[in-house]
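Written out below as C-alpha cells is the structure these notes cover.
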Amino acid sequence: MLDDPRSVLSDMFAQPFTVAFLGAVLAHDFDTHRHLLHVGILSARVGAVAGLPPADVVRLGQAGLFHDVGKLHVRRSLLNATHTLSENEWRLLREHAERGAAMLLDRGAHAVASLVRSHHERLDGSGYPDGLRGLEISWETRLLAVVDAYDCMRSGRPYAAPVSHDEAIARLDAARRLYDPEAVAALVAALEGERAVAKGNWRTSLNW
Ligand SMILES: [Fe+2]
C-alpha cells in the first residue's frame, strides 16, 4: 500500500513531455487517448495492489499512459479499421510498440521505454517485437499487458463489441498461455477496490 496516492498521480504526470504526448494523441485519435488514461491510472493501481515500491508504481503508471503513444505514427484509418488487415497493415500497426519506445528514449525515459517496447510480448513467445517468453518479460510488463487487454475488452474495439467485467476476466483467465495468472489476480484485486470506492467506502479509496 502507498501512503499518498495523490503523489503517485502527480508523479505519473510530472514528465515534461506528458501534456505534449497526450495532447497529440487526443488530436490524432480520441479512443487511443481515452485508452491511455484508463490504462495509466489502472496500471498504477494494480502495481500498488501487487506491492511494487512507489517509484515502480509511478513508472508502471507512466508506461500505461504512454504505452500506445507510438500509434501517433499509425494513420487513424488504420487504427480504426474494421476490415481484415493485410500483412503490411499488421506490420505498420505492430511498429507502434517500437516507435513509442523510441519516442520515450529520445526524451531520456529509458525505464518507461523498456516497458512500452514490450507491452505486446506474451508468455508463450507469440508476442512482439522481440518474441520474449515467460520470465524474460518483466513483472511490470506482465501487469501492464493484462491491464491493456482488460481495457481493450471492456471498451470494445472497432471490430469487437465491449464485454462485461466478468467476461473480460474469464477471457484473461482462459488465456494462461498469454497472460500471467498472478497479474490477472492483481487486476481483480485492484478492481474490487474500485468497486468498494463506487459503493462509498472511502477508506478503501485511500488505501492504494
Ligand atoms: Fe499497444
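Taking packing as the residue-averaged number of other Cβ atoms within 10 angstrom, the listed peptides 177-183, 39-45 run from highest to lowest as 39-45, 177-183.
For the range 5-207, what's the relative contact order in percent, using C-alpha pairs closer than 8 Å and at least 6 residues apart? Display every interim value, and only then the final one.
Details: 271 pairs, mean separation 36.4, N = 203.
Reported relative contact order: 18 percent.
Might you report the magnitude of the Cβ-based charge dipole of the range 5-207 about its Cα centre, with Lys and Arg at +1 and Asp and Glu at -1, to the nearest 20 debye? Mind showing how you got there, number by number?
Working: 23 positive and 24 negative charges, 73 e Å.
That gives the range 5-207 a dipole magnitude of about 340 debye.
Annotation: Cα Rg of the chain relative to the compact-globule expectation 2.2 N^0.38 Å equals 0.98.
For the pair Arg176 and Leu9 in one chain, pulling the backbone fully straight at 0.36 nm per residue adds 57.1 nm over the alpha carbon distance.
Using packing as a proxy for protection, rank 99-105, 80-86 so that the peptide with the highest average count of other Cβ atoms within 10 Å comes first.
Values: 99-105: 20.6, 80-86: 11.0.
In decreasing order of mean packing, 99-105, 80-86 become 99-105, 80-86.
Ordering of 115-125, 61-71 by packing is 61-71, 115-125, highest average first (other Cβ atoms within 10 Å, averaged per residue).
Per-residue 3J(HN,Hα) values for the range 177-189, derived from phi via the Karplus relation 6.51 cos²θ - 1.76 cosθ + 1.60 with θ = phi - 60°, read 5, 9, 10, 5, x, 5, 5, 4, 4, 5, 4, 4, 4 Hz in sequence order (x marks Gly and Pro).
No value in this document is a laboratory result; all are computed from the given coordinates. Everything numeric here is computed off the predicted structure, so don't read it as measured data. Here the Cβ is made from the backbone with ideal geometry for all residues, glycine too, and neighbour counts use every protein chain on show.
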